[in-house]
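This report concerns only the one structure given below.
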Amino acid sequence: MVDEGLKSELQKQGLFVTSIEQLYNWGRRSSIWPLQFGLACCAIEMIATACARYDLARFGAELFRGSPRQADLMIVAGTVTKKMAPQVVRLYNQMAEPKYVITMGACSISGGPFREGYNVLQGIDRYIPVDVHIPGCPPRPEALLEGIMNLQKKMDAQKLWQMEWYKQGKKREYPVPEFGPNGLIPKYNPEVFDPMKGNIETEDIRPKT
Amino acid sequence: MEKIEEIQKNLEQHIPGVELIAERDAFLIDRKDLLTVARHLKENPSYAIDYVSCVTGVDYKEYLECVYHFYSMAKKLGPIILKVRVKKEDPKIPSLTPLFRGAEFQEREAYDMIGIVFEGHPDLRRILMWDGFAHFPLRKDYIPEDQDV
Amino acid sequence: MEEENIALETQLLEINLGPQHPSTHGVFRMNVTLDGETVVRLKPVMGYLHRNHEKIAESGTYLSSMPFTDRLDYFCSMTNNLAYALAVEKLTGIEVPERAQYIRVIMAELTRLVNHTVLVGFLMNDLGAFFTPTLYAFREREKILDLFEATSGARMMCNYMRFGGVKADFSPGFIEKAREIVANYPRFLDEFEKLLTENEILMSRCQNVGILSKELAVQASVTGPMLRASGVDYDIRKVDGYSIYPRFKFRVPLGEKGDVYDRYYIRILEMRESCKILEQALRDIPEGEFISKQGATGAKSPRTFKPAKGDVYGRIEAPKGELGFYLVSDGTANPYRYHVRPPSFINLTILEDMCLGQKIADTIVILGSIDIVLGEVDR
């Protein structure tokens with residue numbers, strides 16, 4: 001963008017130089033509103049993160065909204081069962097763009113300790129795209145804070161002109177699975193999940209060494 | 001708490017025609033006697049059984065069994081354990097819900113997981129799995145779907 | 001002029017307090033039929049967190065189910081572990097050394113403090129005091145979680161009890177820290193009570209709401225603080241006298257009316273009794289081993305732990321009610337049948353009866369006062 005030396009010179013004069021994209025992303029990532037969506041034990045660590053000791057409010061994310069229409073972020077905290085999976089996908093469809101998903105805990109990443117259960121979905125990333133995975137059982141509140149910081153870094157790095165929802169106003173919606181006699185139909189959504197490779201849309205934002 | 005032989009003698013005295021087989025600490029009874037024995041335990045003032053604590057369905061491969069643990073809150077004694085066995089082809093047991101309201105959800109769960117049908121239950125449908133689920137998961141011959149293919 | 005009484009034609013409204021709703025009890029759904037704002041019918045739907053604990057336990061060893069019992073009632077992992085350990089010890093006859101018994105009682109009563117504190121916080125959430133009492137409650141909970149983490153390695157999912165004792169002894173400095181926390185707890189309860197117990201809004205919204213009579217409570221197999229708030233004197237710590245509870249002097253508080261206010265207040269009183277038990281236990285704890293020899297070999301090589309054939313039902317007074325485990329053993333290293341008797345699930349039987357005739361806003365409060373945790377309801 002702008003040369004760093006020029007930037008600091010101008011700052012000394014009282015002029016602040018940035019780009020619209022940086023400003024837009026800064027505004028978005030400093031006020032993420034999560035959806036109140038705790039499923040199981042990880043939800044309690046999520047509440048503990050929002051409480052006074054680990055304070056999620058410093059990251060702008062203290063306001064948990066009850067309705068998916070008003071939320072930016074869905075933290076899937078806890079085991080997703082096959083009975084609950086259609087509702088999770090419906091909630092994801094109802095959120096407005098830009099929207100993000102964090103899977104917190106081993107259960108929502110891949111089924112976790114309950115993986116061999118007949119009613120347990122082996123990871124919510126079979127049906128919806130996931131941005132940040134936070135492993136742990138349950139992850140400590142500090143781990144959730146690290147996950148939110150990683151999401152903020154991802155938001156900062158998103159180039160607006162290339163985002164589908166910015167260019168064409170398209171909203172991502174995925175078909176809701178249905179109950180079959182022994183499981184869900186379909187078993188996974190081939191648009192977002194490849195059984196050999198896992199979730200397709202996740203980008204790796206770690207710095208390349 | 002009386003010894004099991006004394007309880008057996010007491011019950012056989014008061015309920016003519018009941019068949020009780022004592023196995024260690026539980027009574028094995030036939031399903032046609034279940035309601036009479038339960039009603040007697042409830043009304044007999046020396047037992048005053050008013051609390052059914054646990055209703056469990058078990059799948060032994062040749063038959064299905066339902067185990068009831070009864071306690072008395074008024075007299076603070078227990079447990080009195082009853083076991084009822086049925087064949088898989090005809091898994092019907094009379095429901096205890098009209099006598100003890102607390103058995104309602106537990107019997108629904110035994111139906112959902114093992115497949116024992118409780119006759120006389122006010123609302124017998126699946127409680128933990130969705131309504132279209134076609135199998136009884138806690139039976140030993142249940143095969144879950146493979147999510148990897 | 002004649003006054004005509006024109007009745008307005010109305011219909012019953014059926015709504016879904018669906019699995020995702022802004023109440024921290026988890027994924028629980030209620031199909032409610034309303035006449036205006038009054039509840040006419042209420043059917044609970046559960047199973048959204050059915051994680052197949054019982055089936056998974058059948059394919060693992062006895063010890064491998066211990067971490068899964070943590071996740072049943074995820075606020076109270078220590079008491080879940082204790083109930084399972086007691087059931088297996090009843091099945092096999094393993095003895096538990098003295099120091100381990102005291103350690104178990106201390107952990108169980110600390111868990112009871114955590115559970116009741118958090119419950120009062122969440123009940124206030126449901127009433128509309130959004131988050132301030134919860135913040136106070138979680139502040140105290142964090143102090144006790146530090147103790148749990150120092151001893152067992154994890155804040156919430158402790159996996160601490162073993163058959164025949166506990167996993168590890170107290171770290172040095174634990175007893176002094178625990179004494180300090182227990183000595184300050186009555187002061188925190190006084191602060192909490194000053195804000196809440198005589199609060200006008202709480203009293204007018206909670207008194208005479210959701211009344212549960214004695215007879216109906218006993219009929220519906222309700223246990224725990226909900227039963228005692230209706231006036232029935234049944235505390236399994238006194239009735240069965242498991243572990244070393246008969247050595248401690250404590251009272252069992254009883255309620256009078258069985259409404260939501262009684263259920264809230266009885267938990268405050270129970271917390272004070274738990275502090276008394278903790279003082280006595282921390283004062284009297286002897287030196288010794290923390291696990292018996294038989295238990296230690298069972299813990300090191302779980303696949304050789306084969307109880308004799310038979311079945312057992314072991315129960316304890318968990319903070320939410322009677323938690324029981326029914327185990328059937330066929331002589332191998334895996335249990336043949338493993339069944340959990342969950343208090344929250346069975347306490348829900350009576351939800352519909354308590355809510356009929358009440359307003360929809362009271363339904364949320366009544367559900368909050370029953371104290372359910374979906375990990376236990378659905379297993």
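The values are calculated or read from the model by the stated rules, or taken from the named source; none is laboratory data. Values in this document were obtained by computation on a predicted structure and should not be read as measured data. Neighbour counts are summed over all protein chains in view; Cβ atoms, including those assigned to glycine, are modelled from backbone coordinates with ideal geometry. Remember, those area values only see protein heavy atoms, side chains included, never the ligands or the DNA or RNA. Shrake-Rupley method; radii C 1.70, N 1.55, O 1.52, S 1.80 Å.
General observations
- For chain C: relative contact order, % (alpha-carbon pairs under 8 angstrom, 6 or more apart): 26 percent
- With every protein chain in place, segment C:219-286: carbon and sulfur % of accessible area (1.4 Å): 47 percent
- Distance between the C-alpha centres of segment A:151-173 and segment C:14-30: 32 Å, rounded to the whole angstrom.
- Computed over protein heavy atoms with a 1.4 angstrom probe, the accessible surface ordering of A:TYR24, A:TYR174, largest first, is A:TYR24, A:TYR174.
- Residue by residue along A:66-73, Cβ atoms of other protein chains within 10 Å of the local Cβ number 1 on average.
- Residues of segment B:95-139 that bury at least 40 Å² of accessible area once all protein chains are present, compared with their chain alone (1.4 Å probe, heavy atoms only, ligands and nucleic acids left out), are B:ARG101, B:GLY102, B:PHE105, B:GLU109, B:ILE127, B:LEU128, B:MET129, B:TRP130, B:LEU138.
- A/B buried area, accessible surface, summed, 1.4 Å probe, Å²: 1500 Å²
- Shape call, chain C: gyration tensor on alpha carbons, a/c limit 1.5: prolate
- Spatial separation of Cα centroids for segment B:103-149 and segment C:96-161, in angstrom: 34 Å
- Its residues counted as N, chain A yields a C-alpha radius of gyration over 2.2 N^0.38 Å of 1.11.
- Within a straight-line Cα-Cα reach of under 21 Å, A:LYS187 can be paired with the following lysines, leaving aside sequence neighbours fewer than 8 residues apart in one chain: A:LYS82, A:LYS83, A:LYS197.
- For segment A:63-209, the share of accessible area belonging to carbon and sulfur comes to 53 percent (1.4 Å probe, ligands and nucleic acids excluded).
- R0 of 56 Å, Cβ-Cβ distance A:GLN22-B:HIS135: FRET efficiency to nearest 0.05: 0.50
- Dipole axis of the protein assembly as shown (+1 Lys, Arg; -1 Asp, Glu on Cβ), positive-most option in C:ASN16, C:MET107, A:GLN70: C:MET107
- Summed side-chain charge close to B:LEU138 - residues other than B:LEU138 whose Cβ falls under 10 Å, Lys, Arg +1, Asp, Glu -1: -1
- Distances between placed amide hydrogens fall under 5 Å for C:LEU34 paired with C:LEU13, C:GLU14, C:ILE15, C:VAL40, all partners being 5 or more residues away or on another chain.
- Alpha-carbon centroids, segment C:330-379 and segment C:226-246: separation in whole Å: 19 Å
- Sequence-distant contacts, meaning Cα pairs under 8 Å at least 6 residues apart, place the relative contact order of segment C:1-101 at 13 percent.
- Taking a sphere under 15 Å around the Cβ of A:GLY180 and counting the other residues whose Cβ falls inside, with K and R at +1 and D and E at -1, yields a net charge of +1.
- Cβ-defined net charge surrounding B:ILE4, 11 Å radius [Lys, Arg +1; Asp, Glu -1]: -2
- Only helices reaching 18 angstrom along their own axis (Cα) with mean Kyte-Doolittle hydropathy no lower than -1.0 count here, and for the DSSP H runs of chain A these are A:141-157.
- Packing, taken as the mean count of other beta carbons within 10 Å per residue, orders the peptides A:149-155, B:11-17 from highest to lowest as A:149-155, B:11-17.
- Compactness of segment C:71-169, expressed as Rg and Dmax over alpha-carbon positions, Å: 15.2, 49
- Accessible area in square angstrom per residue, segment C:122-265, 1.4 angstrom probe: 42 Å²
- Kyte-Doolittle at least 1.0, axis length at least 20 Å by Cα - qualifying DSSP helices, chain C: none
- Helix B:4-14 vs. chain B, principal-axis angle (Cα, 0 to 90°, nearest 10): 80 degrees
- Per-residue ellipticity at 222 nm computed for chain A from its helices equals -9000 deg cm²/dmol, with DSSP H segments shorter than 4 residues left out and the rest contributing -39,500 (n - 2.57).
- The value of relative contact order for segment C:125-252, using C-alpha pairs under 8 Å at least six residues apart, is 12 percent.
- Residues in segment C:220-245 that, when all protein chains are in place, have 50 Å² or more less accessible area than the chain alone would give (probe 1.4 Å): C:SER221, C:TYR234
- Per residue accessible area of segment B:12-70, 1.4 Å probe, in Å²: 43 Å²
- Expected 222 nm ellipticity per residue - DSSP helices of 4 or more, -39500 (n - 2.57), all of chain C, to 500: -14500 deg cm²/dmol
- Calculated on C-alpha atoms, the gyration radius of the protein assembly as shown divided by its Kirkwood radius gives an Rg/Rh of 0.99.
- B:LYS92 accessible area, assembled protein chains, probe 1.4 Å, Å²: 80 Å²
- Inter-chain shielding of A:133-141 (mean C-beta neighbours from other protein chains, 10 Å cut-off): 2
- Using a probe radius of 1.4 angstrom, the carbon and sulfur fraction of the accessible surface of segment B:7-95 is 52%.
- Shielded by partner chains, segment B:74-88 residues - at least 50 Å² of accessible area, 1.4 Å probe, vs chain alone: B:LYS76
- Exposure check, 1.4 Å probe, all protein chains in place: A:ARG53 carries approximately 120 Å² of accessible surface.
- Exceeding the 27 Å Cα-Cα cut-off - candidates B:LYS140/C:LYS306; B:LYS75/C:LYS43; B:LYS42/C:LYS359: B:LYS75/C:LYS43; B:LYS42/C:LYS359
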